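Just so you know, all these numbers are worked out from the coordinates, no wet-lab data involved. Treat the numbers as computed from the prediction; the structure is a model and nothing was measured. Here Cβ is always computed from backbone atoms with ideal geometry, including for glycine, and neighbour counts include all displayed protein chains.
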Amino acid sequence: MSNEDKKSWWAMLKRPSARYSMGTLLVVGIASGIILWGGFNTAMEATNNEQFCISCHEMKENVYMEYQNTIHYNNRTGVRATCPDCHVPMEWTHKIVRKIQASNELLHKALGTIDTPEKFEAKRLELARHVWASMKKTDSRECRNCHDYESMDYTKQGRRGRAQHVEGFDQGKTCIDCHKGIAHSLPAMYEEDPSAALGGPK
């Protein structure tokens, strides 16, 4: 495209339409932006709930079944942490990044990578390592949305838990360092040898 062509295109973009007033174009532009933004956020929220998460066989028949037997699902206070509470950040920027990363999960859904219990178990340790590493990297950000250690009343904790919390926080540990398996079963290799499982393949 020549410089003359570029100038004529730029001039056309800058001047008002011969058919519509600048005000009309502005109103239409703002309305279109609101509709597009609203549609985008609606789609985001539609994919950010427990029912959507367990709509695929892999989740419903594996980790969701385990999660139903944990304190995050059923407890004395009736406060439930659902899939997105733990696996999708609340902050918009981090949420977008997580949604983009989830496109890889869609690929493996299409490929049938973990579409049977046997395939899932074979991949469980690898999948768990990804989640643990992500939570470690963010200082267990999603855990801290509900569990703020600065608000903990250590006098109401058991002796063992109190000691471990104090020691862990003093050492700079984060929730996932000690609370692996809090909502899902631990991989068999991890239960046999935690250090080998965490280290990954040699």
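For segment 71-78, does any single residue satisfy the condition of being β-branched (V, I, T) and assigned to a helix (DSSP H, G or I)? Scanning segment 71-78 turns up no residue that is β-branched (V, I, T) and assigned to a helix (DSSP H, G or I). On inspection, D115 passes the criterion of being of a type in the set (D, E, K, R), within 23 Å of S185 (Cβ to Cβ) and not in a helix (DSSP H, G or I).
Tell me, yes or no, whether segment 87-104 has at least one residue that is farther than 23 Å from D139 by Cα and among the charged types (D, E, K, R). No: segment 87-104 contains no residue that is farther than 23 Å from D139 by Cα and among the charged types (D, E, K, R). Restricting attention to segment 97-116, and to residues there that are β-branched (V, I, T) and closer than 18 Å to F40 by Cβ, which single residue is surrounded by the most Cβ atoms within 10 Å (Cβ to Cβ)? Only one residue fits best here, namely V97. The residues on offer are E66, E126, and the sole one that is closer than 23 Å to N145 by Cβ and in a helix (DSSP H, G or I) is E66. The residue that is surrounded by the fewest Cβ atoms within 10 Å (Cβ to Cβ), counting only those in segment 122-163 that are of a type in the set (G, A, S) and farther than 17 Å from C83 by Cβ, is S151.
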